[in-house]
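Working notes, beginning with the structure itself.
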Amino acid sequence: MLKRGCGNINRWIEFIKRSKYKMPGLTSFANGLLRDIKAVKNGINMPWSNGAVEGHVNRIKSIKRQMYGRASFDLLRKKVILSQTG
């Protein structure tokens with residue numbers, strides 16, 4: 001069962017590609033969507049999300065950037081474990 005809007009994405013991509021206004025950022029974005037259109041449509045249609053995982057990855061990378069060059073892996077590991085908020 002397709003959710004509403006999934007068919008619109010193809011129309012939007014075609015609109016951007018055929019637009020008389022040159023919008024390189026949107027054109028590049030539309031081309032990127034086309035490269036993996038199946039994943040984009042699954043992201044629209046499926047009830048699952050990897051948002052929580054991406055949030056944790058973002059948090060860990062942020063901690064790593066803060067500590068860059070300052071400590072060993074053991075200290076980084078402890079800081080990541082102790083910084084969990086839920």
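Rule-based calculations on the coordinates, nothing more; no lab input. As the structure is a computational prediction, the values presented were derived from the model and not from experiment.
Taking 20 Å as the straight-line reach from the Cα of K64, the aspartates and glutamates in range (excluding those fewer than 8 positions away in the same chain) are E54, D74.
I need the shape label for the chain. Rule: rounded when a/c is under 1.5, else prolate if a/b > b/c, else oblate, with a, b, c from the alpha carbon gyration tensor. Note, shape of the chain comes out oblate. Note: relative contact order over the chain, using C-alpha pairs below 8 Å and six or more positions apart, is 25 percent.
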